[in-house]
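Visitor: The structure under discussion is supplied below as structure tokens; questions concerning it will follow.
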Amino acid sequence: MALATGKSAYLQGVRDGMPFLLVAVPFAALFGVSAVEAGLSIGQAMGFSVLVIAGASQFAALQMIVDNAGVALTLLAALAVNLRMAMYSASLVPYLGEAPLWKRACVSYLLFDQSYVAAVARYEADGMMRLRDRVAFFFGVATPIAPTWVLATLAGALLGARIPDAAALDFALPITFIAMVGPMLRTLAHVAAALVSVVVGLALVGLPSGTGLLIAAACAMAAGVIVEGRRA
């Protein structure tokens with residue numbers, strides 16, 4: 001029975017992860033195109049998507065490379081953009097913290113916005129899920145997304161300039177985040193944090209890559225805590 005339950009949780013995760021391909025494919029392809037146009041080889045572009053597997057930070061690092069920034073600044077920019085993964089990891093501890101080390105290591109590699117949002121939504125909706133089912137569901141969500149991300153990057157790198165501008169591949173990132181964040185704005189604190197992040201992020205758009213986003217995230221968290229504290 002446990003095996004059947006774990007399998008069904010995995011398959012449900014696969015089904016929940018499939019819709020994300022609509023934005024993952026063009027976004028990854030856009031990175032492949034941008035990486036080759038920036039002077040990276042196909043191998044280097046693929047190394048980004050296989051080792052980093054984090055679209056926003058990949059673009060941030062790529063922009064720093066184009067700007068001839070040093071290695072340290074490039075790494076800092078990528079880490080700043082991906083700082084949210086530390087918050088994702090912390091919020092997953094109550095659900096997956098007791099899993100074996102090798103499973104947690106796999107989860108950390110496959111932790112990106114889509115897998116996190118789908119998994120947390122499922123865990124919150126079904127408080128009776130066992131640890132084994134939670135892990136299976138998480139891996140299920142990541143199964144269609146991770147390999148597709150790599151293959152779409154390869155396609156973009158190979159096709160390069162053959163993809164017309166009219167394809168508007170750059171729509172994928174904002175659409176992805178709007179679709180993920182929208183359903184999570186459930187309380188006044190959530191809305192306040194979102195508004196503050198938008199205002200501060202736009203106000204600091206001129207700062208070096210990743211810096212404005214980092215400050216906006218900190219301000220958003222502070223705003224959410226303040227609003228929640230006043231309502232308590």
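Visitor: So L173 passes all but one of these: (1) modelled with pLDDT under 90; (2) in a loop (DSSP other than H, G, I, E, B). Which condition number does it fail?
Guide: (2)
Visitor: For the stretch 1-89, which fully contained helices (runs of 4 or more DSSP H) count at least 3 residues that are of a type outside the set (A, V, I, L, M)? Even if it seems obvious, please write down each step before you answer.
Guide: Numbers: elements: 2-17, 21-37, 42-47, 55-66, 71-81.
Ranges flagged: 2-17, 21-37, 42-47, 55-66.
Visitor: Among the residues of the stretch 118-150, write down those that are surrounded by 21 or more Cβ atoms within 10 Å (Cβ to Cβ), over 15 Å from K103 (Cα atoms) and among the β-branched types (V, I, T).
Guide: Across the stretch 118-150, the qualifying residue is only I145.
Visitor: Condition test on L188, is it closer than 18 Å to A60 by Cα, open to solvent by 70 Å² or more (accessible area, probe 1.4 Å) and modelled with pLDDT of 80 or more? Give the steps one after another, and end with the answer.
Guide: Values: closer than 18 Å to A60 by Cα: no; open to solvent by 70 Å² or more (accessible area, probe 1.4 Å): yes; modelled with pLDDT of 80 or more: yes.
Considered against the rule, which asks whether it is closer than 18 Å to A60 by Cα, open to solvent by 70 Å² or more (accessible area, probe 1.4 Å) and modelled with pLDDT of 80 or more, L188 comes out as no.
Visitor: Working only within the stretch 92-111, note down all residues that are in a helix (DSSP H, G or I), open to solvent by 40 Å² or more (accessible area, probe 1.4 Å) and either touching a Cys at 6+ places or on another chain (Cβ under 6 Å) or within 14 Å of Y123 (Cβ to Cβ) (or both).
Guide: Pass one, the stretch 92-111, residues in a helix (DSSP H, G or I): 92-96, 101-109.
Filter once more, so that each one left must be open to solvent by 40 Å² or more (accessible area, probe 1.4 Å): 93-95, 101-106, 108-109.
The answer is V93, P94, Y95.
Visitor: Also, I was wondering about something else. Return yes when V81 is without any contact (Cβ under 8 Å) to a residue 24 or more places away in the chain, among the β-branched types (V, I, T) and out of contact with any Pro (no Cβ under 7 Å at 6 or more places or on another chain) and no when it is not.
Guide: Details: without any contact (Cβ under 8 Å) to a residue 24 or more places away in the chain: no; among the β-branched types (V, I, T): yes; out of contact with any Pro (no Cβ under 7 Å at 6 or more places or on another chain): yes.
So V81 does not fit the description; no.
Visitor: With the checklist (1) closer than 16 Å to M87 by Cβ; (2) open to solvent by less than 40 Å² (accessible area, probe 1.4 Å); (3) at pLDDT 65 or above in hand, flag the one item A157 doesn't pass.
Guide: (1)
Visitor: Are any residues in the stretch 191-232 exposed (fewer than 14 other Cβ atoms within 10 Å of the Cβ), modelled with pLDDT under 75 and in a helix (DSSP H, G or I), and if so, which ones?
Guide: Listed by number, the list holds a single entry, R231.
The values are calculated or read from the model by the stated rules, or taken from the named source; none is laboratory data. Bear in mind that the values here come from a model prediction, so they are computed numbers and not experimental data. Positions of Cβ are generated from backbone atoms using ideal geometry, with glycine treated the same way; all protein chains shown enter the neighbour counts. Ligands, DNA and RNA are stripped out before the accessible areas are found, and what is left, the full protein with its side chains, is counted by its heavy atoms. Shrake-Rupley method; radii C 1.70, N 1.55, O 1.52, S 1.80 Å.
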